[in-house]
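Asker: Structure below; questions to follow.
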Amino acid sequence: MNELATPPVPGIGLTARYPEIDTGPVDTAIYHEPAAYAKEMEAIFKRSWFMVGRTEQIARAGDFFTYTLPTFRQEILVCRDRDGHVNAFHNVCTHRGNVVEHRKEGHSQGLFMCRFHGWAFDLKGGLARIRDEEGFFGVDKSCNGLKRMPVGVWQGFIWVCPSDEPYQSLEDFLGEQGRDTAGYPWGACTQSYQFEVEVDCNWKLVNDSPAEVYHIPVLHPNSAAPTMMASGNIMGRLLGTEIKGHHRTNSHYSVMGEPKPVQKLAYFHAAAAQNVAVDDKGYELPKGINPTRSPWWTVDLIQFFPTIGFTLSAGMYTAHQVWPLGPNKSLYQQRVFVRPAKTAAERFGQENTMVEFRDVVMEDFSTLERIQRALDTGQIKQFHYHDHELALRHQHHVVTTILAEWDREQASAQG
Amino acid sequence: MTTLPPDFADLERFVPDWVHADAPARMAKRQGSTIADIKAFYQAMLPRGEAVLACLRGHQLGDLPAEVETLLRLMLMLAEVAPAVEWYDDPAVYDGFPVGRICYTRLISDTGAQA
Ligand code: FES
Ligand SMILES: [Fe+2]
């Protein structure tokens, strides 16, 4: 905890730093119209990269995991080959289209064998073996391997691109924000809890949920608010919002209030104060984290447009990921990453952290389907954003700009 | 027969109902309990918390005697129910999204060694 006991309440004026972003009410059509969603699919999602796991999950050659990309319904297989490379393939057998590897994760001796007719593929995707090959009519093994999916690694996170030709490289996609947040000890939090839930709302509402703290004193009166408001920040203001291209970072201001009794046990007796400010963290934060270098910084929300954000403190982080499933349906995944526990007492601290994050997000999510109903029924046609809801306004601005550009591209392609 | 370390015999009566195998089971137990039952468990556990953690600090994950494992699972249950008592006065998140709709897809082992 810091000794500077009375931090100043952050002021108004975040939005004014970005004159290209309007300050008026915004049209809510993109939050529910099927036509807007269809355009987003082409102009945004097919051009993006999606985080699917961590390299630690496939530490050794032969380790693999499979996944069905929720938005695209594509089956993927991610593995490490004997050269140490991370490969991603369409998990679709070139014989007749069954999934090749049906298990969720595991270790392969070197071949993935389809459980339909037994075709086998190696760790580089090559078609190694056709069962009863003499009965085929000259199938060329050299060009019937698994189809590769574009894959990249950033800070131990594995990302794939659902399009054969990525619109931009992973590095360009992550851009300045990716560079400015590299160097955080992302890999030190080796333990994680993850849950997922389908929510009947537009993907942008899921992103909006943690992206403003204007709501904290009202929506989280007993959970998150006491920390944030302890120092007189009663309106729930941010330290700042940094916009980097399509991405953005919110910096959260808080000091530690009086913990609740079980929190006290976790923080003081179980080495679990990972989610509160620390002065002595033993490493230097990269410049994109706590960008204002405030001594009252506790947490950043680092959002990579369009579908992933990290709530990050000096000692741990939580990934919030949204997979769009339709104009008013999304899959939300929360993965809480914490440092490894040695003792049974520290294990209790991890549980306290996971339960707190989960329940606070359940408070947040109470609003999502209610807002979506108001959108779908036409009961709300405009949103008004506070100065400290800039991250939401920015997302709206980015989407609107991309869709307008898409319309121009389509018009000139037809013209 | 006791299932907890001898110093914690007073908590023995909670073992049958409040020791569960993993986080999803603990979440289900909280959601399926009355707030009165949750409070009875919480109020008995809380004053023993520091002593329990002092014991748990002396044991490495991956090498827990059976009775310490049971004691740890009681504490993990305390973590699960704490918001019900301290934040909501209700097993559910007050006015919240129905937590029963969430599905855990990745767990941290309750007792295994971590690296
Ligand atoms: S579909 Fe895979 S072997 Fe036939
Ligand atoms: Fe919130």
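Asker: For A:Glu33 and A:Glu56, what is the calculated FRET efficiency with R₀ set at 41 Å and r taken between the beta-carbons, to the nearest 0.05? Present the calculation step by step, with values, prior to reporting the outcome.
Answerer: On the way: r = 41 Å, r/R0 = 0.99.
Plugging the Cβ-Cβ distance into 1/(1 + (r/R0)^6) gives 0.50.
Asker: Can I ask one more? Under a straight-distance cross-link criterion of Cα-Cα below 17 Å, which lysines are reachable from A:Lys39, leaving out those fewer than 8 residues away in the same chain?
Answerer: Within reach: A:Lys204, A:Lys329.
Asker: Now a separate question. Have a look at A:Ala43, A:Ala188, A:Ala211 and tell me which one the Gaussian network model of chain A (Cα, springs below 10 Å) gives the largest fluctuation.
Answerer: Answer for the Gaussian network model of chain A: A:Ala188.
Asker: Could you check the simple spin-label distance between A:Lys329 and A:Arg293, using points 7 Å along Cα→Cβ, in nm with one decimal?
Answerer: In this crude label model, A:Lys329 to A:Arg293 measures out at 5.0 nm.
Asker: Under a Cβ-Cβ limit of 4.7 Å, which cysteines in chain A have nobody to pair with?
Answerer: For chain A, the answer is A:Cys79, A:Cys143, A:Cys161, A:Cys189, A:Cys201, because their Cβ atoms have no other cysteine Cβ under 4.7 Å.
Asker: Tell me, what is a quarter of the convex hull surface for the C-alpha atoms of region A:276-361, in nm² with one decimal?
Answerer: Spelled out: convex hull of the Cα atoms, projected over all directions, averaged, 7.2 nm².
Asker: Would you mind calculating the relative contact order of chain A from Cα pairs under 8 angstrom and at least 6 residues apart, reporting the percent as a whole number? Walk me through the numbers before you get to the answer.
Answerer: Values: 765 pairs, mean separation 86.7, N = 415.
Computed value for chain A: 21 percent relative contact order.
Asker: Next question. Can you tell me which lysines have their Cα less than 30 Å from the Cα of A:Lys124? Leave out same-chain residues fewer than eight positions away.
Answerer: A:Lys46, A:Lys104, A:Lys141, A:Lys147
Asker: Follow-up question, since we're still on this one. If you look at just the Cα atoms of the protein assembly as shown, how large are its Rg and its Dmax in Å?
Answerer: When restricted to Cα atoms, the protein assembly as shown yields Rg and Dmax of 24.7, 84 Å.
Asker: I'd like the FRET efficiency for A:Trp406 and A:Glu171, computed as 1/(1 + (r/R0)^6) with the beta carbon distance as r and R0 of 22 Å, rounded to 0.05.
Answerer: Working: r = 23 Å, r/R0 = 1.06.
FRET efficiency, A:Trp406 to A:Glu171: 0.40.
Asker: If you take the Cα Rg of region A:154-312 and divide it by 2.2 N^0.38 Å, with N the number of residues, what do you get? Before the final figure, lay out each step's value.
Answerer: Details: Rg = 17.1 Å, N = 159, 2.2 N^0.38 = 15.1 Å.
My calculation over the Cα atoms of region A:154-312 gives 1.13.
Asker: Which three lengths, in whole Å and largest first, does region A:289-415 cover when its Cα atoms are put on their principal axes?
Answerer: 67, 35, 29
Asker: Moving to a separate point now. Please identify, among A:His85, A:His220, A:His102, the residue showing maximal mean-square fluctuation in a Gaussian network model of chain A using a 10 angstrom Cα cutoff.
Answerer: Per the Cα network of chain A with a 10 Å cutoff, A:His85 tops the list.
Asker: Further question on the same structure: When Cβ neighbours within 10 Å are restricted to other protein chains, what is their mean count per residue of peptide A:364-370?
Answerer: Numbers: counts 3, 7, 6, 3, 1, 1, 0.
For this peptide, the per-residue mean of nearby foreign Cβ atoms is 3.
Asker: Next up: Looking at chain B, do any whole DSSP H helices span at least 20 angstrom along their long axis by alpha carbon and average 1.0 or above on Kyte-Doolittle, and which?
Answerer: Details: long enough: B:66-83 (28 Å, 1.07).
Going by DSSP H runs, the hits are B:66-83.
Asker: Per residue of A:263-270, what is the mean number of Cβ atoms on other protein chains within 10 angstrom of that residue's Cβ? Numbers along the way, then the final one.
Answerer: On the way: counts 4, 3, 10, 6, 0, 2, 8, 6.
For peptide A:263-270, the averaged partner shielding equals 5.
Asker: Moving to a separate point now. Picking from A:Pro261, A:Pro221, A:Pro295, which is most flexible by a Gaussian network model of chain A using Cα springs under 10 Å?
Answerer: The residue with the greatest mean-square fluctuation here is A:Pro261.
Asker: Moving on. Please give me the summed charge of the neighbours of A:Arg96: other residues whose Cβ is under 15 Å from its Cβ, Lys and Arg +1, Asp and Glu -1. Each step should come with its number before you reach the end.
Answerer: Details: positive: A:Arg115, A:Arg131, A:Lys147; negative: A:Glu75, A:Asp132.
After counting each charged neighbour, the total is +1.
Asker: With N set to the residue count of region B:6-101, report its C-alpha Rg divided by 2.2 N^0.38 Å to two decimal places.
Answerer: On the way: Rg = 13.7 Å, N = 96, 2.2 N^0.38 = 12.5 Å.
Scaled against compact globular proteins, the figure is 1.10.
Asker: Which order do peptides B:35-45, A:370-380 fall in by mean Cβ count within 10 Å, highest first? Don't skip to the answer; put the middle values down first.
Answerer: Working: B:35-45: 16.3, A:370-380: 14.7.
Sorting B:35-45, A:370-380 by mean packing, highest first, produces B:35-45, A:370-380.
Asker: Just how large is the dipole of chain A about the Cα centre, in debye to the nearest 20, putting +1 at every Lys and Arg Cβ and -1 at every Asp and Glu Cβ? Please list the in-between numbers first.
Answerer: On the way: 40 positive and 49 negative charges, 153 e Å.
That gives chain A a dipole magnitude of about 740 debye.
Asker: Would you kindly work out the equivalent ellipsoid of region A:49-166 from its C-alpha gyration tensor and give its semi-axes, the square roots of five times the eigenvalues, largest first in whole Å?
Answerer: Working: eigenvalues 118, 46, 30 Å².
Over the Cα atoms of region A:49-166, the ellipsoid semi-axes are 24, 15, 12 Å.
Asker: Show me B:100-110, A:198-208 ranked by packing, highest mean number of other Cβ atoms within 10 Å first.
Answerer: Answer by packing, highest mean first, reads A:198-208, B:100-110.
Asker: Can you list the lysines whose alpha carbon sits under 21 Å from that of A:Lys287, skipping same-chain ones fewer than 8 residues off?
Answerer: By straight Cα distance, A:Lys287 reaches A:Lys244.
Asker: Let me ask another. Translational diffusion coefficient of region A:164-204 at 37 °C, 0.692 mPa s, Stokes-Einstein with Kirkwood Rh over Cα pairs, in µm²/s as a whole number.
Answerer: Details: Rh = 14.0 Å.
D = 235 µm²/s.
Taken together, the values in this text are just the output of simple stated rules run on the coordinates, not laboratory data. Everything numeric in this text was worked out from a predicted model, so none of it was measured. As a convention, Cβ positions derive from the backbone with ideal geometry for all residues, glycine included, and neighbour counts pool all protein chains shown.
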